[in-house]
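Worksheet: one structure, shown below.
The values are calculated or read from the model by the stated rules, or taken from the named source; none is laboratory data. All of these numbers come straight from a predicted model, not from anything done at the bench. Glycine also receives a Cβ, built like all others from the backbone with ideal geometry; neighbour counts cover every protein chain displayed.
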Amino acid sequence: MRAVFTANCGSCHTLAKAGTSGSVGPNLDDVGLDAEQVQAIVRSGAGVMPSFSDKLSDAEITGRLREYRPPAPSYTNGVMGKYAKLVSSASEGAVTR
Ligand code: HEC
């Protein structure tokens, strides 16, 4: 994952695991999207972000996303921890469950 990410995504995105610090796009350490949503964005692009469907094959994208696990929530205790347990992902509107 790391080499492909560093070469294709690192110039625009920060991701601690890959050691990149791009600041054009959102910091991907803070993104709580599921595999389907990441896949859709990598295939079709979003705003300034280009589509990668001509650079990365469908099999490559699908294979990588099968292994993708969303990061654990940053807040696990205190008031924010309680809140995080009560609501769904921000990508689904952060509504209470
Ligand atoms: C040219 C700079 C650029 C490159 C290269 C780039 N991105 Fe992005 N990315 C962006 C921008 C800008 C956004 C925000 C788009 C918007 O919503 O307007 C974004 C959004 C995203 C999002 C959604 C984040 C959110 O909070 O909604 C994901 C996931 C993502 N990129 C992953 C990747 C991956 C994986 C790669 C490499 C295959 C990549 N990006 C390459 C600029 C880039």
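Can you name the residue in segment 44-97 that is away from the ligand (no atom under 16 Å from the Cβ) and charged (D, E, K, R) and is also nearest to Gly10 (Cα to Cα) among such residues?
Only one residue fits best here, namely Lys85.
Can you say whether Leu33 is within 12 Å of the chain's Cα centre (by Cα), at pLDDT below 85, under 19 Å from Tyr75 (Cβ atoms) and within 9 Å of the ligand (Cβ to nearest atom), as far as the supplied structure shows?
yes
Yes/no per residue for (1) among the basic types (Lys, Arg); (2) touching a helix residue (DSSP H, G or I) at 6+ places or on another chain (Cβ under 7 Å):
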| residue | (1), (2) |
| --- | --- |
| Lys17 | yes, no |
| Thr20 | no, yes |
| Pro26 | no, no |
| Leu33 | no, yes |
| Ser51 | no, yes |
| Ser57 | no, no |
| Gly63 | no, no |
| Arg66 | yes, no |
| Pro70 | no, no |
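Return the residues of segment 64-86 that are on the phi < 0 side of the Ramachandran plot, more than 19 Å from the chain's Cα centre (by Cα) and not hydroxyl-bearing (Ser, Thr, Tyr); say none if nothing qualifies.
Asn77, Val79, Met80, Gly81, Lys82, Lys85, Leu86
In segment 19-35, is there at least one residue being on the phi > 0 side of the Ramachandran plot and touching a residue at least 12 places away in the same chain (Cβ under 8 Å)?
Yes; the residues of segment 19-35 include at least one that is on the phi > 0 side of the Ramachandran plot and touching a residue at least 12 places away in the same chain (Cβ under 8 Å).
Can you pull out the helices (runs of 4 or more DSSP H) entirely within segment 1-79 that have at least 1 residues that are farther than 26 Å from Ala94 by Cα?
2-8, 58-66
Answer with yes or no whether Gly78 is out of contact with any strand residue (DSSP E or B) (no Cβ under 8 Å at 6 or more places or on another chain) and either farther than 18 Å from Asp34 by Cα or polar (S, T, N, Q) (or both).
So Gly78 fits the description; yes.
Can you spot a residue in segment 41-63 that is under 11 Å from the mean Cα position of the chain (by Cα) and of a type in the set (D, E, K, R)?
Scanning segment 41-63 turns up no residue that is under 11 Å from the mean Cα position of the chain (by Cα) and of a type in the set (D, E, K, R).
What pairs can you find where one residue is in segment 80-97 and part of a helix (DSSP H, G or I), the other is among the hydroxyl-bearing types (Ser, Thr, Tyr), and their Cβ atoms are less than 6 Å apart, with a gap of 6+ or different chains?
Close Cβ pairs satisfying both conditions: Gly81/Tyr75; Ala84/Tyr75; Leu86/Thr96.
Against the conditions (1) more than 7 Å from the ligand (Cβ to nearest atom); (2) modelled with pLDDT of 85 or more, where does Ile41 fall short? Just the number, please.
(1)
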